[in-house]
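Step one of this worksheet: look at the structure below.
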Amino acid sequence: MKFVKAVKDKIVVEKIMQDTVTEGGIIIPVSVDKDPQSFGKVISVGEEITTIQPGDIVVFHKNFGMDIMIDRRIMRVLVYNEIFGILEDVDTPQVPGTEDDLDEDDEMAFEDGY
């Protein structure tokens, strides 16, 4: 297996491609996706980068960077400032007054328009 080592302020990510499935079971392929962002798993980071590590899942604009193919895997080379952020799996606290905070009676009233 070949490996691309990023240099300077570059980041190599393996694009995460997920088809979207609607409630009715219709599959919308990635090529039709209208979302402006893409996600990728960091494979390698250049020596100038300290805040992103291999294995992180990053968010970037779908048109940023340059695609390369290595061993039949699509990867993208990005510059550090093209990364919007690192996707983290955190438990978000329940915010009072939101739909998540409603009990069963409140939900029924909410559905009835009250």
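Here, each number is a calculation from the coordinates, and none is a lab measurement. Just so you know, these numbers come straight off a predicted model, no measurement behind them. All Cβ positions, even for glycine, are placed from backbone atoms using ideal geometry, and neighbour counts span all protein chains on display.
Proximity of backbone amide H atoms, modeled 1.01 Å from N, is registered between Gly40 and Ile16, Val58 at under 5 Å, excluding neighbours fewer than 5 places apart on the same chain. When peptides 80-87, 1-8 are ranked by their average number of other Cβ atoms within 10 Å per residue, the highest-first order is 80-87, 1-8.
By per-residue mean of other Cβ atoms within 10 Å, what is the highest-first order of 41-51, 63-73? Before the final figure, lay out the partial values.
Details: 41-51: 15.2, 63-73: 11.2.
My ranking of the peptides, most packed first, is 41-51, 63-73.
Under 5 Å between amide hydrogens, built in the peptide plane, is the criterion, and for Ile70 it picks out Met75 among residues at least 5 positions away or on other chains.
Taking θ as phi - 60° and the Karplus parameters 6.51, -1.76 and 1.60, the scalar couplings of the stretch 63-73 work out to 9, 7, x, 10, 6, 9, 10, 10, 6, 6, 10 Hz in sequence order, x denoting glycine and proline.
Full extension of the chain between Glu47 and Val79 yields a length gain of 10.3 nm, computed as 0.36 nm times the residue separation minus the alpha carbon distance.
Couplings 3J(HN,Hα) for the stretch 83-88, derived from phi with the Karplus relation 6.51 cos²θ - 1.76 cosθ + 1.60 (θ = phi - 60°), are 8, 7, x, 9, 7, 10 Hz, where x marks Gly and Pro.
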